[in-house]
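First up is the structure itself, then whatever we jot down about it.
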Amino acid sequence: LLKLGLVVKSQNKLRVAHRIYSSVLNQSWVDQELVRLDPYGKIRFKLLKLDEIATLPYRLLTEVFSWTGHQPFLFQKLGQLLHESESFIWAGEEAARVEQLVQTRIIEHWETQAAGKHLKEIRYRLLNNQQCEPLHLLRLYQAILQEGEVPADGSREQAELVNLGLLAEGQGKLRVANRIYQAVFNLGWVERELAQMIHVVQEQPV
């Protein structure tokens, strides 16, 4: 960008070189070009029709994606909630508006909210897993929540958490698949479930 002359360096910071550039090559133009250059962005744009509800639809798309990751159901559900809110999203409001919807319509009292059925299914498959010992799955998931990420080692437990959709792999690391899962199935939730499992095991006759 410095070589192109679009930006200049001043006091160890970069800024747009000229007001004409920032006026012509503005945020709206950047959003249009990002969509054009990103084929998946085009598909998501058509799917959610974000250009109908936001001044900067690509920035809104980025915020939706930051919460849902690659999970298609959550992605579509959050897009639907944005349309149902029937309130236009102006530039600069994207992050706050998406977070508000996620907190109030998905995370808080999540069992009865918009994604309740989807989240309850994940919980059931985790706590009643037939492929791995649920206690081991929970302890592994707890470690990932605490550390942020762990190296992928191909273990059965890691593979099963990826299969459940709770974890995603990238660059040889495993991390929680999206911010919604991380908020719902958080450390407090894991600790309660672990305590319950351990209590049940201790109560069983020898």
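The values are calculated or read from the model by the stated rules, or taken from the named source; none is laboratory data. Note that the structure is predicted; figures quoted are calculated from it, not measured. Don't worry about glycine lacking a Cβ; one is built from the backbone with ideal geometry, like all the others, and counts go over all protein chains shown. Side chains are part of the model used for accessible areas, which takes the heavy atoms of the whole protein and leaves out ligands, DNA and RNA. Shrake-Rupley method; radii C 1.70, N 1.55, O 1.52, S 1.80 Å.
Among the residues of the range 138-157, is any touching a Ser or Thr at 6+ places or on another chain (Cβ under 9 Å), without any contact (Cβ under 8 Å) to a residue 40 or more places away in the chain and assigned to a helix (DSSP H, G or I)? Scanning the range 138-157, I find at least one residue that is touching a Ser or Thr at 6+ places or on another chain (Cβ under 9 Å), without any contact (Cβ under 8 Å) to a residue 40 or more places away in the chain and assigned to a helix (DSSP H, G or I), so the answer is yes. Only one entry of Leu174, Leu194, Leu187 meets the criterion of being touching a helix residue (DSSP H, G or I) at 6+ places or on another chain (Cβ under 7 Å) and either acidic (Asp, Glu) or farther than 19 Å from Cys132 by Cβ (or both), and that entry is Leu187. Inclusion of Arg59 among residues that are open to solvent by 70 Å² or more (accessible area, probe 1.4 Å), on the phi < 0 side of the Ramachandran plot and among the basic types (Lys, Arg) is warranted. Of all residues assigned to the range 110-124, at least one qualifies as being over 22 Å from Leu78 (Cβ atoms), at pLDDT 95 or above, open to solvent by 70 Å² or more (accessible area, probe 1.4 Å) and not acidic (Asp, Glu). On the given criteria, is Gln131 open to solvent by 60 Å² or more (accessible area, probe 1.4 Å), in contact (Cβ under 8 Å) with a residue 24 or more places away in the chain and either within 24 Å of Glu63 (Cβ to Cβ) or not in a helix (DSSP H, G or I) (or both)? Criteria met by Gln131.
Is it the case that some residue within the range 87-106 is under 24 Å from Ala195 (Cα atoms), part of a helix (DSSP H, G or I) and open to solvent by less than 50 Å² (accessible area, probe 1.4 Å)? No.
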